[in-house]
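Below is one structure, written out as structure tokens; comments come after it.
None of the figures in this text is laboratory data; all of them are computed from the coordinates on show. Owing to the predicted nature of the structure, the values given are computational and were not obtained by experimental measurement. For neighbour counting, all protein chains shown are included, and Cβ atoms are generated from backbone atoms with ideal geometry for every residue, glycine included.
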Amino acid sequence: MSTKLKKQQPSCHLLSAAMASPPIVSSRPASYSAQQKGDGMIKGSCLCGAVKLEISGTPSSLSYCHCARCRKAAGVFSTVLIGPVADLTITGGQDHIARNEPDAPFVHRRAFCETCGSSLGDLATDGGIYVVAASVLDDDPGIKPMGHIHTASKPDWYEITDGLQQFEGDYIPPD
Ligand SMILES: [Zn+2]
Ligand SMILES: [Zn+2]
């Protein structure tokens, strides 16, 4: 039978103070707050902070887009949040938003911050929905990704390894 190892006691004041501080219980950065804790709005901002947006209500879907435009603009794929366009408000930096118009068959323009280059998504499409790049979100959108879209455009070197549903083309959630 082995002897129990004695716990080492901290031997200096600094160490005691460090050990007395509360343990880190969440891996989330402090600025990433759950939607429910705030005013019910899902807030987002670009890397430099010039562009700010707010989403009210519950988004319709969150999905991974593998189209060629997302691949080039966002790196491999982008995570897109979709919902009714009336729920989206640009609260800052409207004049910092630059747009790249799509060539057919693409329908979504790419909006990005002209200062820092952050992808913002399409923002407001003509179809009555917003498409926001989830990478700009500072709050939790309250929903999880439902699947992968435009997988037909995905490069072979990128392998999807989760069990989420896959759509070869676009998927717009029903209202
Ligand atoms: Zn920016
Ligand atoms: Zn895309």
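Modelled this way, with points 7 Å down the Cα-to-C-beta line, the labels at Trp157 and Ala98 are 2.6 nm from one another. Selection among Ile143, Ile129, Ala74 by position relative to the dipole of the range 37-166 gives Ala74 as farthest towards the positive end (Cβ unit charges, Cα centre). Taking amide hydrogens as placed 1.01 Å from N in the peptide plane, the amide H of Ile149 sits under 5 Å from those of Tyr64, Cys65, His66, Phe167, each at least 5 positions away in sequence or on another chain.
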